[in-house]
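> The following block contains the structure, expressed as structure tokens.
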Amino acid sequence: MKLYQFDLAPASKRVTFFLKETGIEVPIVQLNVRDGDQFEEPYNSLNPFHCIPFLELEDGTVISESVAICRFLEETFTSSKKLFGKTSKERAIIEMWDRRLEIDGYIPLINGIRNKFERYAGKVLSGTRNDLPQVPAIAKRGIDSCRILFERLNVHLNMSSYVAGEALSIADITGYEVVQLAIAIEMNFDEFKEVKAWHEKLDRRFKLDE
Ligand SMILES: N[C@@H](CCC(=O)N[C@@H](CS)C(=O)NCC(=O)O)C(=O)O
């Protein structure tokens with residue numbers, strides 16, 4: 001089994017934090033997606049989405065998408081930490097939050113960043129190189145969407161230590177990266193005190209482990 005990563009990328013960080021939290025270890029190969037390694041063979045053919053992270057199994061199966069990778073690893077390896085939940089109810093609540101954080105925060109902000117900053121000209125969609133123009137309005141809409149998410153999350157975090165209850169889950173890892181993207185796109189979210197406090201708590205936890 002091999003995990004292809006680029007340590008600096010938000011999607012890879014989601015898997016890195018999952019591995020650190022669970023103590024699961026897999027061999028890692030670094031691909032520099034900024035230099036275009038993902039378009040070189042054999043990686044180009046291995047993963048047609050041309051993104052990291054992706055996991056190559058012994059039988060040749062390739063699994064991309066950070067959350068699909070983490071779920072597979074959690075179900076394949078033994079760990080006392082279950083970041084996807086232990087009961088049907090826990091699993092449903094975690095998935096509910098994870099999807100809302102991804103749909104309302106992560107995706108709008110990633111699209112916003114790629115449409116805002118000059119360094120993404122020619123690569124506005126992950127895993128592509130083409131002449132699709134950057135549309136600055138997408139950055140504003142991404143921030144609008146995230147603001148609505150943070151309003152809801154702020155109320156929720158007032159009653160809950162972590163996104164899906166009293167234990168850290170994969171949804172917190174997704175949420176942590178949403179806040180990192182909010183910082184990267186220069187969104188002001190100072191009024192969301194609970195979101196900020198939760199992010200700082202996670203920041204200490206993930207940084208200490210690094
Ligand atoms: N939804 C995917 C996102 C994967 C993705 O967009 N990865 C980016 C880095 S954060 C990438 O590899 N980009 C390469 C490129 O744009 O060429 C996941 O969570 O794994």
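Only the coordinates and a few stated rules stand behind these numbers; no lab work does. None of these values were measured; they are calculated from a predicted model. Ideal geometry is used to build each Cβ from the backbone, glycine not excepted, and the neighbour counts take in all protein chains shown.
> Taking into account only those residues within segment 132-142 that are free of Cβ contacts under 8 Å to residues at least 24 places away in the same chain and over 22 Å from F39 (Cβ atoms), which is nearest to the ligand (Cβ to nearest atom)?
The residue in question is V135.
> Right, another one. Please go through (1) part of a loop (DSSP other than H, G, I, E, B); (2) more than 10 Å from the ligand (Cβ to nearest atom); (3) exposed (fewer than 15 other Cβ atoms within 10 Å of the Cβ) for R129 and return the number of the only condition it doesn't satisfy.
With respect to (1) part of a loop (DSSP other than H, G, I, E, B); (2) more than 10 Å from the ligand (Cβ to nearest atom); (3) exposed (fewer than 15 other Cβ atoms within 10 Å of the Cβ), R129 is out only on (2).
> Take G105 and tell me if it is closer than 14 Å to L181 by Cβ, of a type in the set (G, A, S) and either in a loop (DSSP other than H, G, I, E, B) or touching a Gly at 6+ places or on another chain (Cβ under 7 Å) (or both).
It is false that G105 is closer than 14 Å to L181 by Cβ, of a type in the set (G, A, S) and either in a loop (DSSP other than H, G, I, E, B) or touching a Gly at 6+ places or on another chain (Cβ under 7 Å) (or both).
> Across segment 109-125, what is the number of residues that are in a helix (DSSP H, G or I), within 13 Å of V135 (Cβ to Cβ) and out of contact with any Phe, Trp or Tyr (no Cβ under 6 Å at 6 or more places or on another chain)?
6
> Out of the residues in segment 103-126 that are of a type in the set (F, W, Y) and within 12 Å of the ligand (Cβ to nearest atom), state the one that is farthest from R14 (Cα to Cα).
For segment 103-126, the residue satisfying everything is Y120.
> Pairs under 8 Å by beta carbon, first residue within 15 Å of the ligand (Cβ to nearest atom) in segment 4-32, partner basic (K, R) and part of a helix (DSSP H, G or I), six or more apart or different chains?
From residues that are within 15 Å of the ligand (Cβ to nearest atom), the pairs are D7/K13.
> Quick one: how many residues across segment 3-33 are farther than 19 Å from I170 by Cα and surrounded by 15 or more Cβ atoms within 10 Å (Cβ to Cβ)?
5
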